[in-house]
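The values are calculated or read from the model by the stated rules, or taken from the named source; none is laboratory data. Keep in mind it's a predicted model, so treat the numbers as computed, not measured. Because the Cβ atoms are built from the backbone with ideal geometry, glycine has one as well, and the counts that use them run over all protein chains shown.
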Amino acid sequence: MDDRDKGLTQLFVRDLDEIPLPARGEWRRVAGRETIAMRSSRYLLTAGAVLAVLAIALIIGVQLNQRQQSAANPSASPTASATASASPVTLPGFGPSAVPSAAATPTATPAAGGAVYNDDFGFLVAAGDVPAENVRRESGGAPLGTVTSVAVAVSPDGKQVAFFSLQVNAAKLQIAPASDPNNVQTVATLGVGQKGTGVVWSNDASGLLYAVGVQKADGTMQSGQVHTFDMRGTTTPDRVIYDEGQAGYVLQPIAWDRAANIAAFGETGDGGFMASYDVANLTGTEAVVTRSKVPVRITIGSVKASSDAKFVVAQDLDANGFTYWPLQTMSGAGHHPAESKYGANGFAWRPGTHEIGFIGPSNQFWVCDVDKDNSLGCGHTLFSGVPDGANVRFFRADGSAVVLQQSSGSGPGALSTYLLVRIGTDPKVTTGDRVTFQESTALLGSVRFR
């Protein structure tokens with residue numbers, strides 16, 4: 001019997017003992033002396049006692065039945081029925097951009113990873129050997145959709161993706177909500193013979209900085225251009241801010257700070273090394289571009305901007321570590337904090353911060369806060385126990401977790417092993433809780449569904 005039910009039974013017995021009855025001599029029949037009044041009084045007292053007992057028994061019986069039914073059929077937890085609706089972005093000449101439908105919004109139901117997985121977020125996953133990316137929930141399952149592209153970029157808030165479609169004669173720059181990646185909208189159509197070479201979002205997710213090139217028969221670039229595309233409802237949203245007439249160079253956008261009216265992009269030659277770091281001032285009607293020669297060996301694929309487009313970090317192959325600099329100027333070879341020598345295993349900006357995540361000494365995961373960089377360094381440990389040889393891939397879109405690649409498979413059908421480690425949104429609090437999973441293809445980034 002449940003302890004609560006035992007308590008009710010004891011209460012029932014106690015109440016029986018406390019029913020007020022007259023003294024024994026008053027109700028016991030005395031032969032030959034009982035009057036009609038005494039007999040009536042005795043009957044009333046007896047009937048009252050019986051009714052009191054029945055009432056108490058009835059009350060306790062009802063309570064016991066309710067408790068048993070409650071234990072057998074627990075009530076369901078409240079379910080939130082209201083969802084926030086996104087305001088559509090109006091693109092001139094294209095109508096409102098698509099708002100994710102309710103059916104496409106995933107339910108936040110962590111799977112085997114327990115509290116580590118968060119299905120408000122998902123991964124952008126390479127779709128095998130074809131130039132395309134699948135979007136799926138963190139805990140796995142069937143993809144929500146696929147974008148077929150040669151280059152893809154996730155918005156700073158993680159809620160949208162931009163990419164170049166694969167049309168042969170009329171390639172298109174397109175966008176889609178991460179929660180409904182098949183709901184594609186075209187924002188620009190490239191010129192004849194042009195192909196997209198790179199795209200990034202502005203730091204407020206209201207525009208795109210993209211580059212195109214004209215390819216020669218031997219595969220090298222004959223010329224290239226850098227464009228901005230403004231989604232704020234301007235009359236002429238597309239603008240050419242740089243035109244490269246020198247053959248052999250590929251243009252790669254890096255970041256666009258809307259408030260500062262500054263955009264940065266790189267020029268690469270043979271081998272993918274960044275030969276020039278270019279900054280465009282977009283304040284006037286004509287963009288003013290300042291070109292800076294890069295004095296160290298930096299591959300364009302390692303260049304990454306912070307989510308607010310204030311800083312840029314890259315791999316310095318000469319120093320075998322990472323280097324960073326302000327968006328407005330490269331300032332020589334950039335700055336090498338004391339901990340940068342540990343950046344050989346990859347690094348990534350933590351969204352919403354100026355922290356660079358990397359694997360430090362003793363297999364610990366560190367972050368370098370460039371705002372606090374001084375002669376004593378800029379880093380501190382977030383968690384330990386990083387597997388030997390692991391690489392930093394990217395942070396979750398809100399910075400509350402990080403993805404590490406533990407091992408890379410080789411050969412047909414080989415699987416790569418990844419770790420998703422929860423670190424919390426408070427920079428002073430970290431848990432180190434983690435889950436290990438495998439993928440047959442590469443994870444490219446984090447997206448956010450709501």
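Laid out as a table, the results:
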quantity	calculated
Single residue of Ser340, Ser306, Ser362 found to be surrounded by fewer than 22 Cβ atoms within 10 Å (Cβ to Cβ) and among the small types (Gly, Ala, Ser)	Ser362
Subset of segment 274-314 that is touching a residue at least 60 places away in the same chain (Cβ under 8 Å) and among the small types (Gly, Ala, Ser) - its residue that is nearest to Pro351 (Cα to Cα)	Ser307
Top-ranked residue of segment 243-272 - restricted to ones that are touching a strand residue (DSSP E or B) at 6+ places or on another chain (Cβ under 9 Å) and part of a helix (DSSP H, G or I), ranked as nearest to Asn203 (Cα to Cα)	Gly272
Residue count, segment 259-278 (criterion: at pLDDT 95 or above and surrounded by fewer than 19 Cβ atoms within 10 Å (Cβ to Cβ))	3
Every pair of residues 6+ apart whose Cβ atoms lie under 9 Å, when the first sits in segment 315-336 and is among the acidic types (Asp, Glu) while the second is part of a loop (DSSP other than H, G, I, E, B)	Asp316/Val296; Asp316/Arg297; Asp316/Ala333; Asp316/Gly334; Asp316/His336; Asp318/Val296; Asp318/Arg297; Asp318/Ala333
Residue that is modelled with the highest pLDDT [pool: residues in segment 279-297 that are over 17 Å from Gln328 (Cβ atoms) and touching an Asp or Glu at 6+ places or on another chain (Cβ under 6 Å)]	Arg297
From Thr430, Thr425, Thr353, residue being of a type outside the set (Gly, Ala, Ser), modelled with pLDDT under 95, under 24 Å from Ala305 (Cβ atoms) and within 17 Å of the chain's Cα centre (by Cα)	Thr425
Search result, residues across segment 215-235 that are more than 15 Å from Val150 (Cβ to Cβ) and hydrophobic (A, V, I, L, M, F, W, C)	Ala217, Val226, Phe229, Met231
All positions within segment 144-184 that are among the hydroxyl-bearing types (Ser, Thr, Tyr) and within 20 Å of the chain's Cα centre (by Cα)	Thr146, Ser155, Ser179
Filtered residue count, segment 106-135, keeping only those that are modelled with pLDDT under 90 and under 20 Å from Ala401 (Cβ atoms)	10
Test: residue in segment 135-143 that is under 25 Å from Asp398 (Cα atoms), among the basic types (Lys, Arg) and in a loop (DSSP other than H, G, I, E, B)	no
Considering residues of segment 366-408 that are among the charged types (D, E, K, R) and farther than 21 Å from Gly122 by Cα only, the residue nearest to the chain's Cα centre (by Cα)	Asp369
Residue within segment 236-243 that is in contact with a Pro (Cβ under 6 Å, 6 or more places away or on another chain) and under 21 Å from Val150 (Cα atoms) present	no
Residue satisfying all of: in segment 150-181; part of a strand (DSSP E or B) and in contact with a Pro (Cβ under 9 Å, 6 or more places away or on another chain); farthest from Asp257 (Cα to Cα) among these	Pro177
So Val294, is it β-branched (Val, Ile, Thr) and within 19 Å of Gly213 (Cα to Cα)	no
Residue list for segment 261-281, filter: over 31 Å from the mean Cα position of the chain (by Cα) and among the aliphatic types (A, V, I, L, M)	Ala275
Test: residue in segment 323-342 that is of a type outside the set (Val, Ile, Thr), within 21 Å of Ala390 (Cβ to Cβ) and at pLDDT 90 or above	no
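Yes/no matrix, rows are residues, columns are (1) surrounded by 18 or more Cβ atoms within 10 Å (Cβ to Cβ); (2) free of Cβ contacts under 8 Å to residues at least 12 places away in the same chain; (3) of a type outside the set (A, V, I, L, M):
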| residue | (1), (2), (3) |
| --- | --- |
| Gly158 | yes, no, yes |
| Ser179 | yes, no, yes |
| Asn182 | no, no, yes |
| Gln185 | no, no, yes |
| Leu190 | yes, no, no |
| Val199 | yes, no, no |
| Leu209 | yes, no, no |
